[in-house]
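Here is the structure we will look at.
The values are calculated or read from the model by the stated rules, or taken from the named source; none is laboratory data. Please read these numbers as outputs of a predicted model, since none were measured by experiment. Positions of Cβ are generated from backbone atoms using ideal geometry, with glycine treated the same way; all protein chains shown enter the neighbour counts. Just the protein is used for accessible areas: all its heavy atoms, side chains included, with ligands, DNA and RNA removed. Shrake-Rupley method; radii C 1.70, N 1.55, O 1.52, S 1.80 Å.
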Amino acid sequence: MAFDGCFVTGTDTGVGKTLVSAALLHTLARHHRRVVGMKPVAAGLIEHQGQWVSEDVLALRAASTVVVPAGLDNPVALPDAMAPHLAAERVGCTLTVAELLAAHRALRAHADVVVVEGAGGWRVPLNGEETLADLARAMGAPVVLVVGLRLGCLNHALLTAEAIRADGLALAGWVANAIDPDMPCREENIETLRRWLPAPLLGRVPWQGAAPKAQDIALELPHDLAG
């Protein structure tokens, strides 16, 4: 089957999933004409050009090569920055894998490759029974793991990789993102993960005081991701 997208997850919230997803889009655009990012559920909105929208969604759109209806690349936009199921409860709606999967299937008609960014970590709840991992399983796409390099990341990364495999999905690769400038033994931690994670290191995002630009991040995609 030809490569048509991936699902980006992280070891936690705030580890750089959006940045890496945008970098993936820029990299994939060298191999595919139509690439687009998707944020199935965005929780936490800002006012932008007279509309309420997620900053994550804006970043993904800026890195995409096609423009699609907002209901496809971001089918659910919730005002409050909190766990998706709680943010949905606040506005009286219920999230389901079925509705998000339908948007993803429709979005695929507009692009050659879709990069889907999750929310938080791997098992973030969508409702009382389903999680974002269930959405990833329904999509069946290979997974890219963003590891936020800070104390505790080894356990978080290895447990997440274990959960991805247990859910029957392929871990296509991982990206090391230096989110703590004072992390001790950063290189040693990266080398430990290279030995233990059953997937290639796609790239490193060095610590930068200012927000790094996605197009400046170098990623090396394995053949099964480049297509």
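What is the distance, in nm, between label points placed 7 Å from the Cα along the Cα-to-Cβ direction at Q49 and at R30?
Taking the two extended label points, one gets 2.8 nm.
Count the DSSP beta bridges whose two residues both fall in the chain, then state the antiparallel fraction as a percent rounded to the nearest 5.
On the way: 4 of 30 bridges.
Approximately 15 percent, going by the DSSP bridge assignments.
Quick check: Cα centre of the range 1-33 to Cα centre of the range 65-137, how many Å?
15
Between L159 and H110, what is the label-to-label distance in nm when each label sits 7 Å out along the Cα-to-Cβ direction?
With each label point 7 Å from Cα toward Cβ, the separation is 3.6 nm.
On average, how much accessible surface per residue is there in the range 69-227, in Å², for a 1.4 Å probe, leaving out ligands, DNA and RNA? Let's see the in-between values first.
Working: 7610 Å² over 159 residues.
The answer is 48 Å² per residue.
List the residues of the range 122-152 whose backbone N lies under 14 Å from a point placed 7 Å from the Cα of E89 along the Cα-to-Cβ direction.
125-130
With r defined as the distance between the Cβ atoms of A98 and R195 and R0 fixed at 30 Å, what FRET efficiency is calculated, to the nearest 0.05? Provide the component values of the computation, followed by the final result.
Details: r = 39 Å, r/R0 = 1.32.
Efficiency, from the Cβ-Cβ distance: 0.15.
Along the charge dipole of the chain, which of G203, L101, N155 sits closest to the positive end, that is, farthest toward it, with unit charges on the beta carbon of Lys, Arg, Asp and Glu (+1, +1, -1, -1)?
G203
Out of all Cα-Cα pairs in the chain, roughly what percent, to the nearest whole number, are more than 31 Å apart?
Details: 3840 of 25651 pairs.
Of the Cα pairs, 15 percent sit more than 31 Å apart.
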